[in-house]
1. Two decimals is fine: what's Rg over Rh for the range 191-254, C-alpha atoms, Kirkwood radius as Rh?
2. As a check on your grasp of the helix formula, calculate [θ] at 222 nm for the chain: sum -39500 (n - 2.57) over DSSP H runs of n ≥ 4, divide by the residue count, round to the nearest 500.
3. Got a sec? How would V63, V17, V88 order by Cβ neighbour count within 10 Å, fewest to most?
4. I need the P(r) histogram for the range 24-96: all alpha carbon pairs, bin width 5 Å from 0 out to the longest distance, whole percents.
5. Just to confirm my numbers, what's the Cα centroid distance between the range 377-414 and the range 1-72 in Å?
6. Quote the relative contact order of the chain in percent (integer), defining contacts as alpha-carbon pairs under 8 Å separated by 6+ residues.
7. So what's the projected area for the chain, the Cα convex hull averaged over all directions, in nm²?
8. Can you compute the FRET efficiency between K115 and D55 using 1/(1 + (r/R0)^6), with r the Cβ-Cβ distance and R0 = 45 Å? Round to the nearest 0.05.
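What follows draws every value from the coordinates through simple rules; no lab data is involved. No experiment lies behind these values; they were computed from the predicted model shown. Cβ sites come from the backbone with ideal geometry, for glycine too, and all protein chains shown count toward neighbours.
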Amino acid sequence: MCYAIPGKIESIQEKTVVVDYFGEKRKAHNELEGLSVGDYIYAQGGFAIQKIPLDEAKSILAVWKETFFELQEVDLQLSRLDLNPGSVSQEFLKILDKAVEGRELTRQELLVLIKEKDKTALKLLFKSANFLRQKHHKNSCCVHGIIEISNYCHSACSFCGISGENKNITRYRMSQEEILEAAKVAIQEHGFKTLVLQSGQDCGYSIEELAQIIRQIKTNWPALIFISFGEVGLDNLKILYDAGARGLLLRFETSNPELYQQVNPGKELASRIAHLKKAYELGYLIITGGLIGLPGQSQEDLLNDILLAKELHAEMYSFGPFISHPQTPLANHPSALAETVLKVIALARIIDVVQAKILVTTALETLDPESRREALLSGANSVMLNVTPLKYRPLYNLYPWRAHESESIRDQINDTIGLLMSLGRSPTDLSI
Ligand code: 5AD
């Protein structure tokens, strides 16, 4: 965990620094030159990313100090666990008790949770997940920015509106200058500390071009960079890491190999998993997960998806609902229910209680604008704002009516900060 507030370096041992945030100590990997004990830094995802001049740090901290503790108090109040069991079955309550105590649940118990339909029982499940989130992660909430640099794609995923098979959309590829400008606006103007660069598969940049873009962002502005360009090839992962990328966002979509092949014709789940494993070995932070509501997907599949994300060392879980797109082969398959997504989020929190950051996806917000708040109260502690230039956003048409498609970055930030403050959460990677 790290906050978008300056942390003071307490000690340095080789490449590891210990940072103090108002008494909370956190470790970060340091790749910055010339840091000393007593310096102030911003750290993200466990990486030190920027040294902050002493005066600046002190004035930011003076503003933050009171707010920080006030927010923690609000969060604590909201995450109190006063479970009112009502008509909920004893079996369900016993399993939740065990989860709240931090004991590992059996597969059978996890299946009971994921199969539950009763609204009162689900409310208890969501509350328990929120309690665990507060206990282990306090009130930090990641706010990453994402730039969708190109919607060209050579894959044929049957769920996806930007699949290469969809001949009815306008394709775009941002120029290097446009990408750098968008990164500059996000980092310098709006204070983002973590950026995801995303595109379709084989989107038309060479690996050297992608490496150069990452290098230039890293040289000019301090930020943690995640790549999300599909399967770039195992060797290319190393090239992009060396260029400065430190995170990979790549969903495996489903852990069921047959279902994977059905919805990704000509592709193998094993190849995707090999990328995720290689990236982890190279030192990338991993964001992964899947689509909820694919045709024929069972509750067991969903549980396996969460377990696979854990096995792949996800530092952030990204599970979102399938939303049907009229220009795809799955046009007639119904979109997922928001409630199923909340269940997966709550279960992910219970399964990976200590490590997991859990994202509220834009797709969930698209299904139901209220669900961002609900997800944050069901175990999630992460959001991603769209910082793609407005003229390109509607073209990145993964599914129709995407939330925030025409909302300025400033409006998204104000809205998000308002929501986080109302829930007592501190944004970790956005200066405010
Ligand atoms: N509904 C929801 N999410 C989708 N994605 C692609 N198409 C859809 C859709 N119809 C998601 C995939 C992909 C990510 C970039 O967008 O999970 O990994």
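1. On the way: Rg = 11.4 Å, Rh = 12.0 Å.
On the Cα set of the range 191-254, Rg over Rh gives 0.95.
2. On the way: 14 runs with 171 residues, N = 432.
Per the formula, -12500 deg cm²/dmol.
3. Working: V63 11, V17 23, V88 19.
Arranged by neighbour count, lowest to highest, V63, V17, V88 become V63, V88, V17.
4. Binned Cα distances yield the sequence 3, 11, 14, 14, 14, 9, 8, 7, 7, 6, 5, 1, 0.
5. 29 Å
6. Working: 841 pairs, mean separation 86.2, N = 432.
For the chain, the relative contact order is 20 percent.
7. Details: hull surface 78.2 nm².
Averaged projected hull area, Cα only: 19.6 nm².
8. Numbers: r = 57 Å, r/R0 = 1.26.
Efficiency for this residue pair is about 0.20.
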